[in-house]
1. Test of understanding: ordering 361, 243, 302 by Cβ neighbours within 10 Å, fewest first, what list do you get?
2. Taking a ≥ b ≥ c as the square roots of the eigenvalues of the Cα gyration tensor of the range 106-166, is the shape rounded (a/c under 1.5), prolate (a/b larger than b/c) or oblate?
3. Grab the Cα-Cα distance for residue 247 and residue 363, subtract it from 0.36 nm times how many residues apart they are, and report the gain in nm with one decimal.
4. With a point put 7 Å past each Cα toward its Cβ, work out how far residue 182 is from residue 109 in nm, to one decimal.
5. Exposure proxy check: 318, 281, 163 ranked by fewest other beta carbons within 10 Å?
6. Taking the alpha-carbon centroid of each part, what is the distance from the range 43-101 to the range 343-412 in angstrom?
7. Report, in deg cm²/dmol and to the nearest 500, the calculated mean residue ellipticity at 222 nm for the chain, where each DSSP H run with n ≥ 4 adds -39500 (n - 2.57) and the sum is divided by the residue count.
8. Expressed as an acute angle from 0 to 90° and rounded to the nearest 10, what is the orientation of the C-alpha long axis of helix 239-260 relative to the principal long axis of the chain?
């Protein structure tokens, strides 16, 4: 497949490369990352470029790899007037995302208590397949969660008033309609609030590397500039609830495409016109799952604060346990973007990609508007993570999007053939990490060797300018489902 390097770190596949392409496809990556990118990415992103109503380019971030329909790391914007919405461009775990919580604690204070702290958090935050949370909901109150998101949590004692100002969309997207959610989805999600789940989801205790503060000015605004500062990072989403909503609507869309005369190259890209009844129903259900995911991470935050208070015998406020930010990376958003000199309303699909909005953008919370939206990029549990900042260049080039993590280079099955969970845990322990896992098999799936080099991925987006490095974080302890 022909691919042209149009500038450093930006590669374009012309729309002449595949019958049906409506726009070019662009991949953002260094030469090193392009060389190891699996071939499925190129096929999938050019399939996305064939979808009706797509605007400007189909995009893939440097952590891109093969996924369902869209590649993981895929970004595409569709006209709200004549474009599509596709569950394959959002993902099964709707609003899978990352939350970063700061503390005033230092490595010196935390290290002697790491074992106790990890045991406490492992007890307070249920992990693994089928895990159930402490929040008991009935059908009526669960529907309130779907509509209110984090607001419901704060109203019910699971958060602080300030928390909503440090969460994308304030932790509450508009447009939720619980009547568009199936009873099966409700039954799968009703007991899962405050749970970590399995797969690549995690809860990590991390330390900020004092010598790896890349932008001291932004770090100061984000309040992350204390030497050897301790953080907690949570990666999870809407779990079985979002999975069932995606499953339900993929079936509905397969039938709807016949009705609307839509042809696609891959049934995993099943879609419907955004303005159709089916498209609007799915969007309303997707928002329900997104709000539920925000609420899930909020209840987990509440439990983390309780755990730290118990171990350090101090109130969480006195420990400085404020949210830095919470970002979604499996979601679709209605946004306005400048396309060929004209501002257009589009529905932006981000699947394994993070919003990266610039300074002074009205969608960026007042707390951080002067420096841009925080971008949280989680690495593998053996390496580390990064805090970045959004940029104008991202807004101009990628619909305000950037990478979300390291990105897999190896399937879960392949990882398990390479390493045993018990061996991996021992190796991490020898390196000074405290590991708690529900399943040794699940732990092996997430070994560092299964992922790209997070440093290389972050270097790529920073070099291109679609986000800016602020702080590097190193894991001290990890909880896996």
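Throughout, read-outs are computed from the coordinates displayed, never taken from laboratory work. Keep in mind that what you see is a predicted model, and the values were worked out from it rather than measured. In this analysis, Cβ positions are derived from the backbone assuming ideal geometry, glycine residues included, and neighbour counts consider all displayed protein chains.
1. Exposure proxy ranking, most exposed first: 361, 243, 302.
2. Oblate.
3. Net length gain for the segment: 38.7 nm.
4. Result for the modelled spin labels: 4.9 nm.
5. 318, 281, 163
6. Cα centroid of the range 43-101 versus Cα centroid of the range 343-412: 14 Å apart.
7. When only DSSP H runs of four or more count, the value is -10000 deg cm²/dmol.
8. Between the helix axis and the principal axis of the chain, the angle is about 0 degrees.
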